[in-house]
1. Mind telling me which of the residues A:Leu380, A:Leu427 ends up being in a strand (DSSP E or B) and either at pLDDT below 95 or outside the structural domain of A:Gly45 (by TED's automatic domain parsing) (or both)?
2. Would you confirm, using the coordinates I've provided, whether A:Gly287 is in a loop (DSSP other than H, G, I, E, B) and either under 27 Å from A:Ala440 (Cα atoms) or among the charged types (D, E, K, R) (or both)?
3. Can you run down the residue pairs with Cβ atoms below 7 Å, 6 or more apart or on separate chains, where the first is in the range A:181-195 and under 17 Å from A:Gly297 (Cα atoms) and the partner is buried (at least 16 other Cβ atoms within 10 Å of the Cβ) and polar (S, T, N, Q)?
4. Do we have any residue at all in the range B:226-243 that's outside any helix (DSSP H, G or I), surrounded by 17 or more Cβ atoms within 10 Å (Cβ to Cβ) and facing chain A (nearest Cβ under 9 Å)?
5. Restricting to the range A:98-113, give me the number of residues that are free of Cβ contacts under 8 Å to residues at least 24 places away in the same chain and over 15 Å from A:Gln156 (Cα atoms).
6. Restricting attention to the range B:203-225, which residues are within 28 Å of A:Val341 (Cα to Cα) and more than 7 Å from chain A (Cβ to nearest Cβ)?
7. Given (1) at the interface with another protein chain (Cβ under 8 Å from one of its Cβ atoms); (2) over 28 Å from A:Ser179 (Cβ atoms); (3) surrounded by fewer than 23 Cβ atoms within 10 Å (Cβ to Cβ), where does A:Gly322 come up short, assuming only one miss?
8. Name the residue that is nearest to A:Glu448 (Cα to Cα), counting only residues in the range A:391-414 that are within 10 Å of another protein chain (Cβ to nearest Cβ), part of a helix (DSSP H, G or I) and of a type outside the set (Lys, Arg).
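The values are calculated or read from the model by the stated rules, or taken from the named source; none is laboratory data. Just so it is clear, the structure is predicted and the values come from calculations on it, not from any experiment. Cβ coordinates were reconstructed from backbone atoms using ideal geometry, including for glycine residues, and neighbour counts include every protein chain displayed.
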Amino acid sequence: MEVAAPQAAVPVIELVGVSKRFGAIQALKEVDLSLYAGEVHALVGENGAGKSTLVKILAGVHRPDRGLLKINGEAVELRSPAQAQAVGIAVIHQEPTLFPDLDVAENVFMGHQPRDRLGRIDWRRMYREVEQLLQSLGVELNVYLPVRGLSVADRQLVEIARALSQDARVLIMDEPTASLSPREVEDLFTIVEQLRARQVAILFVSHRLEEVFRLASRVTVLRDGQRVITAPAQDLTPEETVRHMVGRELAALFPKEEAAVGEVVLEVRHLSRAGVFRDVSFQLRRGEILGLAGLVGAGRTEVARVLFGIDQAESGEILVDGRPVSIRSPRDAMRYGIAYVPEDRHQQGLVLDFSIARNITLSILQRVARFSLIRSRQELKIAADYAERLRVRGGRLTQPVRALSGGNQQKVVLGKWLATEPRILILDEPTRGIDIGAKAEVHRIISELAARGLAILLISSELPEILAMSDRVLVMHEGCVTGLFSRTEADQEKVMLAATGQNRQSR
Amino acid sequence: MSDSSEVKQPALDLDASSAAAPSAPALAKEDRRAAASGGGLARLLAWMRSWEALLLVLLVLALALGSALSPYFLSLSNFSLLISDMMEKALMALTMTLIVIAGEIDLSVASILGLASVVLGYTWSHGLPLGLAIALVLLIGALCGLVNGLAVTRLGLPSLVVTLGTLALFRGLAYVVMGDQAVSNFPPAFTNFGFGTVPGTLIPWPFVLFVALALIFSLLLHRSTLGRQIYAIGSNKEAARFAGIRVDDIKLLLFVLSGLVAALAGVVFTARFSNARADNALGFELDVVTIVLLGGVNIFGGSGSLPGVVLSLLIIGVLRNALGLADISGDIQNIAVGALLILSVLGPNVVRRLQEAASRRRAADNGPAGGLARGAALPAPEETGAARARERGQRH
């Protein structure tokens, strides 16, 4: 990677001793941060370390309680997001917020459309300029398409183009790769490199250290609202960085435990659902973790949804304990001892306004009730039991889960499903968007559950997670199973080849 | 399931055995204690900022208005009348509360009431024994609710549209049954239930019915598994479905219940006025929806309580009664009710804005957060952001 930013130059944007407090929480404390033109500066830290607060201060959403924000060396006060945009700061979100019914060009120029002499929107010029802009980034995207149908990656491109159309000098990318497939990530990186060459200052906020070390010239680590270190990327290793983030060794990330694998509990034979997946077959055994790898959109979640009765398969068989079963609803699935921790925690996993306790008991209401009346003592007891075992922290049982961190929310979802005493547990991206410390805990929990005899189907887009956790790895590509590897066979390259469908041609 | 005992309790007791970790019941106890001792004063303060407290103030204002407008207002017999007058709306507000909390709405209740009334009159006047006629009417109410519920759950139509349609449809059917005729020669035993009071008191009989139903519904909503599921559905339908809750079945049940109770209200109405006409209770749905929303039930579902709704019931009742005593016609009264409806939707937003602003000020002052009352505890920044986003994006 290239040399660290030219220290002699004046930073495009600089935070000096910035502090911010929300109620009892000191979100940021005396944080310094500088961004130079043409550098990619990575901001890393666990959830709750203060990254989003910092981003929101730069974006003009929050104002610091103390400290200065300097642009080109001059102190500036940003009173609103609009003002931040006006001085050339743009934010690219993980899930871009655009106008779904307007087309690409309209979104790019929303609010600052080119005008003709009469003050009318100059449509011709607008489309032409957006086309040129996208071309200069080496992107092929139809500017007449409504944004609604675009992938997350394309919508991010629209946001980037939008930032460039406003002559943004500072680009803040907040977890931009979280919802992208590996190929889309590659494309995004190419664009980031181009932006760097254009002398844009980029703040790259990410959980994924391998991305950080590929892209960034400097890295700043936040922990508990304070800056731990800022260093040139080549002076740091991922292991050191993680240590700075959590004060823990990287080796502790993926605890694995040997479990005795028993008889087949779940078998899927030639399962198909039109347009999403076809002819999927596999077996899942007691005490086994079967990793389900693949790119986003390979049909993994869709298989899980069928197994849990959310959707119906068109053909094929599902067998539980060797007997064919018909699963027409989540209730049916629960009856067969199947539990599903869904991909989208906020939409599918939790009722955010409900307390921790109420979320945990939501699927087992009959068990905490007598004559259909809920006994709160019983409810709190069961909830406390699971919250304690899973070490849910950050709130009393009676507080809404909305206030918890992602990791603790995920533990609540796990608790809810463990409370149903399942025999088959389907985990869909169980560690997505949660911080490294909580991730390690979730991994420990999963491995512990397998050791207790649960059959676990682990869907994950993170290869290291799949490889470290799974007894066997099943790989899907565009709706088909393209590989099945034992723990010893599986490695990054083989799984990746199968996931991209490359191994098919050679066979 | 021979091995279920082994799989049971997939205990993650890695730490549970260590002395440092409090045992589960201890934690629960701590939780309760903390909740109880959260400072009686702090809780009182939090409550004073709550919607129910505001309703109480409104009720006092309405009572003051009433006594100022008429010397007859503050009398027991007037209150007996006032309560009597609210009974149909009160009954329908019970089921409406559940439906709105589940994220739906039923605008057809007053039309079901009207249909029930004329069917009762028609069948009675054509010789059906009154008991059978009432049973038939209740069945028809439930069927009307079933139609609403099926259209919403099986066809996936928005309940606002469905019940707006059936509002017209059921009222139309009522006219088909009886045109503009009326039946009024009901037996005294029946009308006594409507006019009469519990012997020795001024408590109207329908009020006894309401209190009984209100208790049952409170238990249902606030204590039962069904109630919990209703809140879950209203808060997050998808998460409810993923948790194995039978979302559609519960919604269907609620619509059927709503139709049934509306028909029951029709029986009460017919008894009270000894009159079965197709235009009975015309426009009552406005009051019912107003009562529920003013009672603090979120129009988007997921929150609200029956005590709040009962308070708001009293407010609307007192207001209409006071205005009536002052010789203000029903149509003009509607202005006041309409204004309250808007207030009830606007109010919570304003209250929240004010709380947010206050918190921002506090945050800016760097004030100690320990003294914050529980209810006023400030949402974390992400939280308000998310809440706002949710409001904005109430989907499509």
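1. On inspection, the qualifying residue turns out to be A:Leu427.
2. yes
3. Partner pairs satisfying both residue conditions: A:Val185/A:Thr177.
4. The answer is yes, given that some residue of the range B:226-243 is outside any helix (DSSP H, G or I), surrounded by 17 or more Cβ atoms within 10 Å (Cβ to Cβ) and facing chain A (nearest Cβ under 9 Å).
5. 2
6. Across the range B:203-225, the qualifying residues are B:Leu221, B:His222.
7. Tallying (1) at the interface with another protein chain (Cβ under 8 Å from one of its Cβ atoms); (2) over 28 Å from A:Ser179 (Cβ atoms); (3) surrounded by fewer than 23 Cβ atoms within 10 Å (Cβ to Cβ), A:Gly322 fails exactly one: (1).
8. A:Leu414
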